[in-house]
Amino acid sequence: MLNRNQKPKKLVLSNGITLIVVENPTADIIAGHIFLKNAGARWEKPELAGLSHLLALTLTKGTEKLVSAEIAETVESMGASLRADAAADYFALSMKTVAADFPKMFKLVGEIMRTPTFPPSEIELEKHQTIQNIRSQRESPFNVAFEGLRCAMYPNHPYGVSILGYEATVSQITRADLQQYHQTYFRPDNLVISLSGRLSLQNGIKVVEEVLGDWLAPTTAYPELQLPQLEVKPCRRAEPQETQQSIVMLGYLCNKFNIQDYVPLKLLSTYLGNGLSSRLFVELREKRGLAYDVSAFYPSRLDRSQFVVYMGTAPENTAIAVEGLGTEVERLSQDNLTETELQGAKNKLLGQYALGKQTNGEIAQIFGWYETLGLGIEFDRQFQEDIAGVTTEMARTVAQRYLTEPYISIVGPEKFIM
C-alpha cells in the first residue's frame, strides 16, 4: 500500500506527454497505465460504434518489427503483462513487469503505440469474436435491462451504446478505419503515462524520453467532439424474456463530473447498494425477501453520469420490486440520513478507497485516471477530504437535485412486466 510520504510527482515533457511517477519500492515491480485522454467511444462515429474496442483487441497483434507471436513471447519471457482497453471516456494500455525489465518492456509498449500494423487476419478474427460477444450479451437479462436503460437515458450519445458496438457497425469496420483512428488520437500530447513502483522520477523520465522523446506532437487539432445535449425525460421500458427472474433497474441522470455533487452521490450510492450492510440489501432482501441480488452504482464519467439501482427478483414480485427500489431512493430526498448512517457510508467508502490503492497497478491507474479526467493528481487528497465534509443536509440536497425522476428498465416474463 502507498506510504503517505510517497507522493506522486508529475511533469509535462517537451512533446506534451504528461508523466506521473510514484516511487514505491516495497516490491520489485513497476506498473504503468498509459491513458489517451481524447479517445474511447466518445470519439467514435455512430456508424463505427465499437471501433475503439476493436482497436484495443488488435493493437498488440503486430508492429512494423514484430508479429503477434513475437510480441506475446517477449512479454511472457519477462513474466510481464500487457493489455489494451477501451472505455467510453478513454483508451488505455496497462503493463506490469519486474523493475530490471522495465526499460525493455516500455520499449515494446512504445513500439506498439507508434507502429501497429493491424494485420487483416487478426482484425477479422477479433471482429468475429466481438460479434459473438454481442450476441451472447442478449442472453443475459441483466445486460438486456442495462442496455434498455442506457438507450433511454443516452439517446444518440456514445454512453447509450455498449463499448462492443453493434453487429452492423462492427461488421463494417475496416483496417483503414483502425489506421485512421490510430493516426488521429495516438499522439504524445494526448498521453498520460502513470508509473508506480521501484523507480525514481529521474529514471522514469529517462526511460520515457529514450522511447518516446522523439515522438513529435502534430500541429493539427483534434476533430471537434459533438455530443447531444442530454435532458431528463424519464420513461419506462420493458422487454419480455422467459427468464427465471425479473431484472428491475431504475436510473437517474446526474450532472457532469463535478466535485461538489460527485462526492455526496458516491456516498449515497455506497449507502444504498454497497455490500451486505447496505440499505437496499437489508431492507429489500433481508427484511422483505424480495431480492436475489440488489445493488447500486454510480460511475465516474466525463459527461453526465447515471445513478442506478437494480434488483433481481422473482417474476411475480416485479411490481413490488419497482415500488421498493423507488421508495428507497425517494427516501433520500425526503429525509436526512442519520449521522450514524452517513458516518457508516463514509467509513465504508474511505476504507474501500484505501484498499483500492494497495498494488502498484492500482496506484498507477488511479492517479492516471484523475489526470485524464482533468482533476489532477491532487484530487486523491481532495476526494478524501470532501468525503469527510459531507453533511446529512448536503446529501439530501443532492438527492433532491438528481434522484427524483427515474428511468425504468425491466426484463422478465411478459405476464409480470407489461
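The values are calculated or read from the model by the stated rules, or taken from the named source; none is laboratory data. All figures in this text were calculated on a predicted structure; none of them were measured in a lab. A quick note on method: Cβ atoms are made from the backbone with ideal geometry, for glycine too, and the neighbour counts reach across all protein chains shown.
Taking (1) in a helix (DSSP H, G or I); (2) farther than 30 Å from S200 by Cβ; (3) of a type in the set (D, E, K, R) in turn, R304 satisfies each apart from (1).
One residue stands out among those in region 297-323 that are acidic (D, E) and loosely packed, with under 15 Cβ neighbours inside 10 Å: the one that is farthest from S409 (Cα to Cα), which is E316.
Checked against (1) in contact with a Ser or Thr (Cβ under 9 Å, 6 or more places away or on another chain); (2) modelled with pLDDT of 95 or more; (3) loosely packed, with under 15 Cβ neighbours inside 10 Å, E210 meets all criteria but (1).
Filtering G351, G326 for residues that are outside any strand (DSSP E or B), among the small types (G, A, S), touching a residue at least 12 places away in the same chain (Cβ under 8 Å) and surrounded by fewer than 22 Cβ atoms within 10 Å (Cβ to Cβ) leaves a single hit, G326. One residue alone among L93, L125, L108 is part of a helix (DSSP H, G or I) and in contact with a strand residue (DSSP E or B) (Cβ under 9 Å, 6 or more places away or on another chain), and that residue is L108. Restricting attention to region 261-289, the residues that are hydrophobic (A, V, I, L, M, F, W, C), buried (at least 21 other Cβ atoms within 10 Å of the Cβ) and under 24 Å from E316 (Cβ atoms) add up to 2.
Selection of region 329-348 for residues being in contact with a helix residue (DSSP H, G or I) (Cβ under 9 Å, 6 or more places away or on another chain), more than 18 Å from V232 (Cβ to Cβ) and surrounded by fewer than 22 Cβ atoms within 10 Å (Cβ to Cβ) yields R331, Q334, D335, N336, T338, E339, E341, L342, G344, K346, K348. The residues listed here are V192, V170; of these, the one that is among the hydrophobic types (A, V, I, L, M, F, W, C), part of a helix (DSSP H, G or I) and either modelled with pLDDT of 95 or more or closer than 27 Å to V21 by Cα (or both) is V170. In the set (1) under 21 Å from G148 (Cα atoms); (2) in contact with a helix residue (DSSP H, G or I) (Cβ under 6 Å, 6 or more places away or on another chain), V263 fails one condition alone, (1).
A quick yes/no check of all residues on (1) more than 18 Å from the chain's Cα centre (by Cα); (2) more than 27 Å from A87 (Cα to Cα); (3) not assigned by TED's automatic domain parsing to the domain that holds S278:
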{"residue": "L342", "(1), (2), (3)": "yes, yes, no"}
{"residue": "A354", "(1), (2), (3)": "yes, no, no"}
{"residue": "G361", "(1), (2), (3)": "no, no, no"}
{"residue": "A364", "(1), (2), (3)": "no, no, no"}
{"residue": "G374", "(1), (2), (3)": "no, no, no"}
{"residue": "E385", "(1), (2), (3)": "yes, yes, no"}
{"residue": "L403", "(1), (2), (3)": "yes, no, no"}
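Number of residues in region 76-85 that are polar (S, T, N, Q) and either surrounded by 14 or more Cβ atoms within 10 Å (Cβ to Cβ) or in a strand (DSSP E or B) (or both): the value is 1. When I410 is tested against (1) modelled with pLDDT of 95 or more; (2) under 30 Å from P141 (Cβ atoms); (3) out of contact with any strand residue (DSSP E or B) (no Cβ under 6 Å at 6 or more places or on another chain), just one condition goes unmet, and that condition is (3).
Filter region 236-251 down to the residues that are surrounded by 12 or more Cβ atoms within 10 Å (Cβ to Cβ) and in a loop (DSSP other than H, G, I, E, B) and list them by number. Listed by number, the residues that qualify are Q241, T243, Q245.
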